[in-house]
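The values are calculated or read from the model by the stated rules, or taken from the named source; none is laboratory data. Bear in mind the structure is a predicted one, so any value in this text is a computation, not a measurement. Positions of Cβ are backbone-derived with ideal geometry, glycine not excepted, and every protein chain shown enters the neighbour counts.
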Amino acid sequence: MYQQAADIEAYSILHSSAPSSLLQKIERETYLRTLQPNMISGCVQGQFLAWFISAMDAKKVLEIGTFTGYTTVSIAEKLQSAASITTIEINPESHWLANQFFEEFSEPQKINSILGNAMDHIESMDETWDFILIDAAKKDNDYYYEKLLPKLRSGGIIAVDNVLWKGKILENLDDKRTQLIDRFNKKVASDDRVESLMIPLRDGLTLLRKR
C-alpha cells in the first residue's frame, strides 16, 4: 500500500508545476545534510498549503516547526508583499540550515524565523493569525491547539500535520504517541468550535476552520 502511495505521489509531482529552484535546493540539501530527511513536507504538501493560504489571502501565518524551511519558503513564495510567515524551530541545527535558505529567498522580509521552544513564545504573542500550521512534536498537538485557537481569527485555519502517523492510528497500537494522536484526532473532529476536515495527503493533514 505504501509503495503504491509513493508511486502516486511521484506521478502527482511529475504532472504538477515544478517547484522553484530554491525549493529544489532545499529538498536536495535536506536529503544530503540531515538524518531524518523524510520530515520534509515535499512538493505536493508544500504547494497545497501555499495555494490554500494564497486563496485565503492570508496576511499573517504562523508555523510551529520549521525543520529545513521547505514549507516556509513554499508559503512565502505565494504570500502577497505585505503578508508574512513567522516560523519557530526548537532544533538549533535545523534552524541554522533553514536560515541559510531563507537568506537566498528573494523577499526575506516575509519570513520571521525564531529559534526556541514554541511553548515559550506563543504565550506572549498578541497577534491574530489567519493561518497556523502545527508540525512539531506530536505529543504536544493538543497543547498548541488550545493555546493557538484563541489567537486565530474567526474563519481562520489551523492545519495539523502527521495525523495518520504512517497508518498506525488504524492498528490499535499500545504506544503512547499513537494513542495521543488518535485521541487528538477524535477531539477536534467533535469540537464545535471548529469545522474539521482530515485529508489523506502524505502522512495525513487535518484542516480546522474556526467558527
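Out of SER106, SER113, SER74, one residue alone is of a type in the set (Gly, Ala, Ser) and more than 15 Å from the chain's Cα centre (by Cα). It is SER106. Residues that are surrounded by fewer than 23 Cβ atoms within 10 Å (Cβ to Cβ), in a loop (DSSP other than H, G, I, E, B), modelled with pLDDT under 95 and in contact with a Cys (Cβ under 8 Å, 6 or more places away or on another chain) occur at least once in the range 8-18. Of all residues assigned to the range 78-86, none qualifies as being modelled with pLDDT of 95 or more, part of a loop (DSSP other than H, G, I, E, B) and basic (Lys, Arg). The criterion of at least 2 residues that are farther than 19 Å from GLY65 by Cβ is met, among helices (runs of 4 or more DSSP H) falling completely within the range 93-211, by 176-189. With respect to the conditions (1) surrounded by 15 or more Cβ atoms within 10 Å (Cβ to Cβ); (2) in contact with a Ser or Thr (Cβ under 7 Å, 6 or more places away or on another chain), ALA189 lacks only one, and its number is (1). Looking at the structure I just gave you, is PHE48 within 28 Å of MET198 (Cβ to Cβ), modelled with pLDDT of 95 or more and of a type outside the set (D, E, K, R)? Answer is yes for this residue.
All of ASP130, ASP161 fail the test of being among the charged types (D, E, K, R), in contact with a Leu (Cβ under 7 Å, 6 or more places away or on another chain) and surrounded by 17 or more Cβ atoms within 10 Å (Cβ to Cβ), apart from ASP161.
The residue list ILE132, ILE90, ILE40, ILE64 contains one member that is touching a residue at least 40 places away in the same chain (Cβ under 8 Å), touching an Asp or Glu at 6+ places or on another chain (Cβ under 7 Å) and closer than 20 Å to ASN162 by Cβ, which is ILE64.
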